[in-house]
Amino acid sequence: SSHEYKLNFKKSKEMCLSYIQDAMLQKQWKKAAEFLTFYIESLEKDFSTEYMSPSEMIWRIGTEILCHHSHSSMREFNFFTEQMKSLGVKRYLKVCLEHTFHLLCNGLIDEAYQNLSLSESWRFGEQTIIHDKEMKLIKAYRGLLDYYNWSKQKNILLEHGQDGFEDLSVEQEMHGCFRKAALNLREIITVPGVWDLFVKCYVDLLEFYGDHNEARQVLNEYAYNSKFPANPNAHVYLYQFLKRHGESKKSLISVLKILHDVVPSHELMIDFNIMLQKSKKRKRRRLGLEVIFAVLDYAGWKENVKAWSCLARQVKQIVISEKHLDWIKQEWNSRKDWWPAFHFSRYSAKRNWQENESLSYEKALVAGILLGKDCKYFRYVSHQGCKAQVKRFRRLKKFVNKHNPVYLRISG
Amino acid sequence: FVPRRGGMGESWEPADAATVPLLPPNASCWVPSVAPQDILYGGVLRRKLQAGKCGAALDFTKQLSHFFVDHPEDAFGSVGRLLHQNFYLGNSKLKVSVCPAVIMPSPTPHLAAAIPSLCPLSSLQRQARDCTIRMTALREGINRLEARRGCSRRHLVPRLRWFSHLSRDWLFEVPLGLLADCVHEDLLLQWTSLLFDDSPTGGALAWLPPKDVGARTGCLVYPGGQAMNHLCILPCGVSLGREGRGHVALPLAATPDFQDVVLEELPCARGSPAQFELNGRIRQVAAARVDGEDFVGVRSDYHCGVWRVSGRTGATPTPLQVIRTSVPASCLTVSPHLPGELAVCTQSGAVYLWNIETGLQRLRHDPQTMFFRDHSPWRWSDFTAHPRVLSCADRTGLQCLDTRAPERCHFDLFKVGEESGCQQGERVVLPMYVGRAYSSQHLVITQFSVYVLDERLPLVPVLKWVHMMKAPPLFAHLTPGDRGRSHKVLLGTSRTQELLLLQYRGEKRDSGGGSRSACQLAGPPQKLHSIASCLQHLPTQVPHQHCLLQQRLSAPAAGLAAALQEDGLRESLLVFQLSEAGDEAKRSQEPCASPQPSPTPQEAKCPQEPIASPQPSPAAALRYCHWMNALSKGCGEPPQRTRPPTFGQKRLFTRKELEEPSAPSALHEQARRRLRQAMRDGGCIQHWDPPPPALPQPLELAAGDPDPLSIRLTAAWGWDWERWWEERTSFNMAQRQQALRERRRRQKRARGRHSLSASFTSSITYQSELSELSDNAPLPLSP
């Protein structure tokens, strides 16, 4: 009966698919390709209502095989993708994009550009939302390639410019590229999403032509629009832009403050701390201490000498001046139950001493002040340091011994 | 521009043709888990249901009837005892007639007891008939029904219907409706766990890498024993097979309640401490190294424990603390940051931070799922880059909680939905913090895909890959690749034993600062051998044992661990797999074909054969042999627990009959004598033949010709049977014809008698029919 036939057909289809999968996972590309030729028959009677239709499956599997098969060539790949484009109309744009990526990976930039512009002119029935999105992506990537051409020509011009030779046609072409790229890039940036690559290119273009206001606006929008997903890179770009243009410290600090709130463990926090430490305002120095403590909370920073030296320097400053010890106390309060085990165990003292002497020096200083001269970490490191006749460790020991009352005040 | 996929991954070649058993098989017999056919409808109904396209149909009636048969005491206990007078289990009719001689087979003593006396007091008999149900007839009816199951038009015997109607309300110990509900509920539970069992999530196998860089002896932590309730910590590596055995009982003393999680007394080591006996099946073993010491967390359904395995080699693992939960725990993870800190989740939706020193801290208690409604009570929790921030997961996504202020400070890390490009019906199966590879990254595994997430860029996955495994991967293991090499992720499924190796490259920080390359997959994923794949390399078995072996080897996987070994230029990845059948931790070793991302220049160097020759190495073959021997030794002998079936005599005999006669009869005396004699001689009694009983006098047949059966029977009685047969076979043709004629005449006469006796009792009719049959029988036999 037809039901049985359907059932059998489905079964053999699934079996074939699992054979292909097995072969692919064991890197037997030839075998997989052979099985795929059988699987193509499943297109004939496509009863499935599953998430992934056989035609999509064939596209994906075929691409994978062609990427790895030893005998495949670019020509074959192009031929296969053209077939796939006609196979599934709904997927046309996706296939195009994939094709472009493949071309780009193989360094065929001109072909990729052609492919993109070709697919841009593609129309099919009513535009759905998904198509709209995909079309925007395609345009954006074309914009990216335009940007690539533009920067290439810019480099040529700059080189030639040094020779005092000007080429009008190249310059004109470059401006043409700029216009096309700017148009397409601007479009995608307005859609909420993570567009780091596009934003960077767009800002670069604008900066070259001196349109700083537009660039700033774009970056601000990208960083602060709540519709966009929280993206730390957006803040970084804004910060770098402002820094490039010599903006005031205040605006830089405000950008980094927000970045600190979003990602307390960001690399820029070291710069931020240094900037804040230098500041004359009390409030900012207080913030600086907060920032560096927060950075060292994270496991990734555990053995970072720079971060520890920043903290050590600031703590030392505060201790010497004997002002604002309450800042340390406040920061320490929320950490005193787990920092000793996390940072200042005897095991880590041993390891730090063996692996990185200057790290152990900075950490010992902090430990000595926060936990007193009897803490394991400080005792081990200072003992080893004195034994090894390193001067600064002797000084360190003296310093901590002298300021031991501070520890009592902090922990009290 | 860098594609999300691409780049050459490292190519790993399997060292052996299949997995190799590492440990001797679990000697205690493994009870195979429930298979779908055990609880699903078979036969006609199923086909009908399938045609109607309504999923799986649970064979509820079968299960309920199994329950009645297997636990009759629970089902009918006291009511049965009350009523057993009124049930008659004998074979005969209960019909009482005036002539007692007609009741041919005497009723069983049981009935004799039930009916006060068999004296022909008709009123008593009538009473007995009225209030006694003949179960035999009912059973026959049921059997007949069974035989006619295929028949489309089944008629319930009216009597059966009457009986069930009458007894439905009072026969069952537990009200039938309630019992049925319970059975059905359990059946549904079993079925869902058969479809997807999330209790072993995380895997019950852990590898503790060697402490020193030079040392090559790590530790393998795995469950063993009859119920997978022994925690074994086996130092392994170069020195395989050093294994201590000892048992530690885990006491069940409870201290005051702490919400639904209770601190318990420690198991204390006794004897050799490499093995601990726990009082629950081990579901998960988690391990992490902090400050050079390994902390091993062990989760069973209602208990979680933590052990410390200190850095020194040969040091004994020390149990630290045990907690008991009132709801099954679903997750236990060990902090990679702080010593003695763990995260525990229970199925009631509670998340705890468990510190050995400070105790338990409840971070959240929410039976509802986070982002949308999902019925699964499964929860998971793991650590993040910040030692005070925990990630909490349910089937709908991940959230990060600050343990210092769990109510206020949290943010969403992953949500099943549009942002991550999830499919419909996609659910989180296993989240994992991969701090060892990159301190702020998490791996989120769903039944369809693998996502890599960064804490700093929440909700938008950095990497997504569709793994296309047949079952949701419950086990994952990450081997970080240092110096810009790819991280290797192993994914394993439970029921289908799939094992997949994929590689990805994390964010790389260039020295120039600022510019970073994104996460990307490296090379195509690879499939590794499953446990079942070694079946073909095992010594050949007889079909029956082959079948058993296959069943055992294809038991669901229970854990996964891996260890990277460097030996000069050659690198190998040891992959350990544990099956639910017990200790079959297996090893598959893969020497790296190209340690650097360059194409395969070193393939020739690999001493182990590449995939081209799928034959196990001699060493592996030897291991197979050893394993098989151990298996047949361990599981071949019949289990000791099963005793021969015994019968209660009480039901069969009355007390009177069981009573010893006051004076031993002559027969007894004789038997005793013979026994003594035999014992004295040291011989044995070959056949216990009592002196032949006095032969009953051959019946004096009434006048008229005796029928052959009677002759034959008489001959048999009189030990003269052989002669009779000879006589019979030596009949000549004429005699036979004569006999035939004789017989016809006799039959005619018999028919007359027949009709007469038919009105008398049916039992006689039956006999005469029988005699006729046996009468005909010898004829075709004779030559």
What shape does the range A:207-270 have by the C-alpha gyration tensor, where a ≥ b ≥ c are the square roots of the eigenvalues, rounded means a/c under 1.5, and otherwise prolate means a/b greater than b/c and oblate the rest? oblate
Per residue of A:16-28, other chain Cβ atoms within 10 Å number on average 3
Which of A:LYS280/A:LYS323; A:LYS281/A:LYS398; A:LYS85/A:LYS139; A:LYS27/A:LYS133; A:LYS227/A:LYS249; A:LYS280/A:LYS329 exceed 24 Å between C-alpha atoms? The answer is A:LYS281/A:LYS398; A:LYS27/A:LYS133; A:LYS227/A:LYS249
If each of A:GLN317 and B:THR192 carries a label point 7 Å out from its Cα toward its Cβ, how far apart are those two points in nm? 5.9
Among A:VAL170, A:SER119, A:ASN213 - extreme Cα towards positive end, dipole of chain A, charges at beta-carbon: A:ASN213
Mean projection of the alpha-carbon convex hull of the range A:126-245 over all orientations, in nm²? 8.5
What's the magnitude of the charge dipole for the range B:400-484 around its Cα centre, counting Lys and Arg as +1 and Asp and Glu as -1 at the beta-carbon? Answer in Debye, nearest 20. 240
Can you work out the FRET efficiency for the pair A:SER279 and A:VAL170, with r the C-beta to C-beta distance and R0 = 30 Å, to the nearest 0.05? 0.05
Points 7 angstrom from Cα along the Cβ direction at A:ARG244 and A:LYS387: gap in nanometres? 5.3
Nearest 10 degrees, 0 to 90: helix A:391-402 Cα axis against chain A principal axis: 60
Within the range B:444-487, find all residues whose amide N lies under 13 Å from a label point positioned 7 Å from the Cα of B:ASP412 along Cα-to-beta-carbon. B:458-461
Dipole size in debye (nearest 20) for chain A around its Cα centre, Lys and Arg Cβ +1, Asp and Glu Cβ -1? 4000
Tensor-based shape of chain A (alpha-carbon gyration tensor, a/c under 1.5 rounded, otherwise prolate or oblate): prolate
Straight-line reach from A:LYS302: which lysines have Cα under 19 Å away, leaving out those fewer than 8 places along the same chain? A:LYS336, A:LYS350, A:LYS363, A:LYS376, B:LYS508
Two pseudo-spin positions, 7 Å from Cα along C-beta at A:ASN213 and at B:THR316, lie apart in nanometres by 8.0
With loop defined by DSSP as not H, G, I, E or B, and exposure as at most 13 other Cβ atoms within 10 Å, which is the longest segment of chain A clear of exposed trypsin sites (Lys or Arg not before Pro)? A:124-226
Does the range A:253-412 come out rounded, prolate or oblate, given a ≥ b ≥ c as the square roots of the eigenvalues of its C-alpha gyration tensor, rounded meaning a/c under 1.5 and, failing that, prolate meaning a/b above b/c? prolate
Expressed in nm to one decimal, what extension gain is obtained for the pair A:LYS402 and A:LYS152 from 0.36 nm per residue of sequence separation less their Cα-Cα distance? 83.7 nm
May I ask for the angle, rounded to the nearest 10°, between helix A:54-68 and the longest principal axis of chain A, with both axes built from Cα atoms and the value confined to 0 to 90°? 70
Dipole magnitude (debye, nearest 20) for the range A:126-245, charges at Cβ of Lys, Arg, Asp, Glu: 480
Hey, how many Å between the Cα centroid of the range A:324-364 and the Cα centroid of the range B:377-437? 29
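Read-outs: derived from the displayed coordinates by stated rules, not from any lab. Just so we're clear, the structure is a prediction, and the values are computed from it rather than from any experiment. Here Cβ is always computed from backbone atoms with ideal geometry, including for glycine, and neighbour counts include all displayed protein chains.
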